[in-house]
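Q: First, the structure itself, so that you have it in front of you.
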Amino acid sequence: MPLKINKEWFVDEHKRTVLLRGVNLGGSSKVPFEPNGATHIKTDFSDHRDVSFVGRPFPLKEAGEHYNRLRHWGFNCLRFLITWEAIEHKGPKQYDKEYFDYVEEVLKIAEKYKFYIFIDPHQDVWSRMTGGDGAPGWTFEKVGLDFAKFNETDAALVMQYRFDPNDPNKYPEMTWGSNKFRFANATMWTLFFGGKQFAPSFKIDGVNAQDYLQSHYIESIKQVAAHIKDLSCVVGFDSLNEPEQGWIEKSVDGTGEVKVDELGLAFTPIDAMVTGSGFTRTVGYKQVKGIGIKETRKEIVNKNKISCWLEGKEDIWKKEGIWELDKNRQPIVLKNDHFVIRNDKKVDFYLEYLSPFINRYAKEIRSVIPDTIIFFEGPADRPIRGEQNLNFDIPENAVHAAHWYDVASLGTKKAWIRGTLDVMRMKMVIGTKKVQKTFTNQLKSIKKYAKGGFPTLIGEFGMPFDIDKKKPYDNFKKIGEKAFSKHIKLLDMYYNALDTNLLHSTQWNYTADNDNKWGDQWNLEDLSIFSKDQQIEPKDVSSGGRGIEGFCRPRFVCCSGLPLKMEFNLKIGRFYFEFNGNPKINAPTIIYVPKIHYPKGYDVEVSEGKYEKNEEEQLLLLKIAEQGTHKVEIFKK
């Protein structure tokens, strides 16, 4: 299943233009399968070296069921999640060979279902020990940090410590993201991307922290590549999910920068550094108020004055002279521009730190699989706010895989259909048509970064299914799929925006073990388009789906020429596709026509050519004979 890049498009072996539409597989792949790493289960992570991810995203015996369902829903692409921890959890260069064998086997099964797959080395706020997922626990030990102290010092907000099943409301939703400004996560990312410049005196086993951490991360993904290099379904590798800047580009005291609003404790770098080093600090706390995020109170952090540094390990940032104690033994900032100015020049995270990493990664992965496609991305929030900068050295044969979310619906777990916050303009928009236009323009802005030179694939987008305090789940028992009517409307709007911009995408997400109580098994997120708790008729391939009509929709799969326009009107069931046809391409243009929208069949109008319906595969095949613009319209019977 070879797939190549031609400017902004993917091209198959027949030279047809291919549209990738798929899902992230899967949400619970962030945590171990054994012992069960679901984040509502309490743990102190003392067993972090003795875990197994074999069985993520699902046991091999279940693979056919899930792949068949996804193909039935019209998806042809999988963003397949793995983690660094899954590979190298036992210790440096101690690789989990059983996991390699499992990944190879589960992808071999996927190959039978003709998916295009790219591997996603996933992370969120560095690791499970810092409230997310990704890196192994021993990385903290190598840096000199004690992750057992993170919770008590607020160096990280970790559900496994904080969640109380007897009083779940005490644990705030969507707060894992606030970990990016806390001590543990910010320290690790600053070292990962900028250890050479920002902590030059710190070495791990005689190697600067940046090279040490990047080398182990890249080598672990190379090990996966070596095991799956002969699988034709694997078309590429993501460089790293939602990489973070740490403190790079930030002033130490938090002044002189555009402040990114996050919920929870609003740490400045100096707040994080000194509390992590055992000092008490008063820090502002932010909450949603009205249509914005505002500081609502102050909290005293690290009352017990506990240091996160392991005994005998030196505070890296104090050693670099960023801060010290004054005569009253109170922390003061010495180098406020330490992460902002280097050699009398303002630093650029994308140009100086992210770009070299992506190029290094591409070179190393391609030493194993020479022609593999590299899917790259930057920090998740910057493209959403319209602040991304792609003016840097991008490797050849690459795809911009930025993420996009409807922030209002995601953050509040409510369906914002008639009004939303346009985060690019920081302005409320009112009216469904204006909301649709906002989504379309935001995605247009992200695609514009590529300037037509390479494809843009929206690597993540989606919405929570547990909106309105999980009301749809109660309603599902009474009215079935209609309980997800708000989801259908909003997903339709997301896909309308994707279609208008002719964008490739992989929706977040499909979690095989999702349930109504714990969602995707990670930090109370519940964005899976499938749940076993909605699977009331196992013999029905679509049973278990949520909001199916919103994401399972007509689209072109591959096109004998260049796509020009695509749109679908869900209300009346009209699909329109326009393309500049090339009759020299012998293979047909293929359109996916799902039965869920055309239960009584459909009529077709084409401007030229012959077509045939493949009802079993839900496909329409069109063979053209003339050069020029071609139009296809599909109507409900």
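Just so it is clear, none of the values below were taken in a lab; they were calculated from the coordinates. The structure displayed is predicted, hence computed values, not measured ones. Glycine also receives a Cβ, built like all others from the backbone with ideal geometry; neighbour counts cover every protein chain displayed.
Q: Among the residues of region 586-637, count how many are touching a strand residue (DSSP E or B) at 6+ places or on another chain (Cβ under 7 Å), of a type in the set (Val, Ile, Thr) and not in a strand (DSSP E or B).
A: 2
Q: Another one. Look through region 10-28, keep the residues that are surrounded by 20 or more Cβ atoms within 10 Å (Cβ to Cβ) and out of contact with any Phe, Trp or Tyr (no Cβ under 7 Å at 6 or more places or on another chain), and return whichever of them is farthest from ARG79 (Cα to Cα). Reasoning before the result, please.
A: Going residue by residue through region 10-28, those that are surrounded by 20 or more Cβ atoms within 10 Å (Cβ to Cβ) are 10, 16-28.
Going one step further and asking which of them are out of contact with any Phe, Trp or Tyr (no Cβ under 7 Å at 6 or more places or on another chain), we end up with 10, 16.
On the way: PHE10: 16, ARG16: 22 Å.
Ranking the qualifying residues of region 10-28, first place goes to ARG16.
Q: Of all residues in region 447-472, which are in contact with a Phe, Trp or Tyr (Cβ under 8 Å, 6 or more places away or on another chain) and buried (at least 22 other Cβ atoms within 10 Å of the Cβ)?
A: Residues of region 447-472 in contact with a Phe, Trp or Tyr (Cβ under 8 Å, 6 or more places away or on another chain): 455-463, 465-466, 472.
If the condition is that a residue be in contact with a Phe, Trp or Tyr (Cβ under 8 Å, 6 or more places away or on another chain) and buried (at least 22 other Cβ atoms within 10 Å of the Cβ), then PRO455, THR456, LEU457, ILE458, GLY459, GLU460, PHE461, GLY462, MET463, PHE465, PRO472 are the ones that fit.
Q: What are the residues in region 499-523 that are buried (at least 23 other Cβ atoms within 10 Å of the Cβ), not in a strand (DSSP E or B) and not aromatic (Phe, Trp, Tyr), if any?
A: Those that are buried (at least 23 other Cβ atoms within 10 Å of the Cβ), not in a strand (DSSP E or B) and not aromatic (Phe, Trp, Tyr): ASP499, LEU503, THR511, ALA512, ASP513, ASN514, ASP520, GLN521, ASN523.
Q: Something else: Could you check region 534-564 and list, in sequence order, the residues that are in a strand (DSSP E or B) and within 19 Å of GLY74 (Cβ to Cβ)? Please lay out each step first, then the result.
A: In the first step, residues of region 534-564 are kept if they are in a strand (DSSP E or B); the result is 545, 555-559, 561-564.
The answer is GLY545, ARG555, PHE556, VAL557, CYS558, CYS559, PRO563.
Q: Go through (1) in a loop (DSSP other than H, G, I, E, B); (2) without any contact (Cβ under 8 Å) to a residue 40 or more places away in the chain; (3) of a type in the set (Gly, Ala, Ser) for SER215 and report which single condition fails.
A: It is condition (1) that SER215 fails.
Q: Does region 162-185 contain at least one residue that is over 30 Å from ALA408 (Cβ atoms) and touching a Lys or Arg at 6+ places or on another chain (Cβ under 7 Å)? Break it down into steps so the answer makes sense when it comes.
A: Residues of region 162-185 over 30 Å from ALA408 (Cβ atoms): 166.
Next, from what is left, pick out any that are touching a Lys or Arg at 6+ places or on another chain (Cβ under 7 Å): none.
The answer is no, given that none of the residues of region 162-185 is over 30 Å from ALA408 (Cβ atoms) and touching a Lys or Arg at 6+ places or on another chain (Cβ under 7 Å).
Q: Just to verify a result, which residue in region 35-69, among those that are within 25 Å of GLU537 (Cβ to Cβ) and basic (Lys, Arg), is surrounded by the fewest Cβ atoms within 10 Å (Cβ to Cβ)?
A: LYS61
Q: Sticking with this one: Filter region 473-498 down to the residues that are in contact with a helix residue (DSSP H, G or I) (Cβ under 7 Å, 6 or more places away or on another chain) and free of Cβ contacts under 8 Å to residues at least 24 places away in the same chain, then identify the one that is surrounded by the fewest Cβ atoms within 10 Å (Cβ to Cβ).
A: ASN475
Q: Could you please give the count of residues in region 274-318 that are out of contact with any helix residue (DSSP H, G or I) (no Cβ under 6 Å at 6 or more places or on another chain) and part of a strand (DSSP E or B)?
A: Counting residues in region 274-318 that are out of contact with any helix residue (DSSP H, G or I) (no Cβ under 6 Å at 6 or more places or on another chain) and part of a strand (DSSP E or B) gives 17.
Q: Which of the residues that make up region 449-471 are at negative phi, without any contact (Cβ under 8 Å) to a residue 60 or more places away in the chain and not in a loop (DSSP other than H, G, I, E, B)? Let's see the steps before the verdict.
A: The first filter runs over region 449-471 and keeps only residues at negative phi, leaving 449-450, 453-461, 463-467, 471.
If we keep only those that are without any contact (Cβ under 8 Å) to a residue 60 or more places away in the chain as well, we get 458, 461, 467, 471.
Within region 449-471, ILE458, ILE467, LYS471 meet the criteria.
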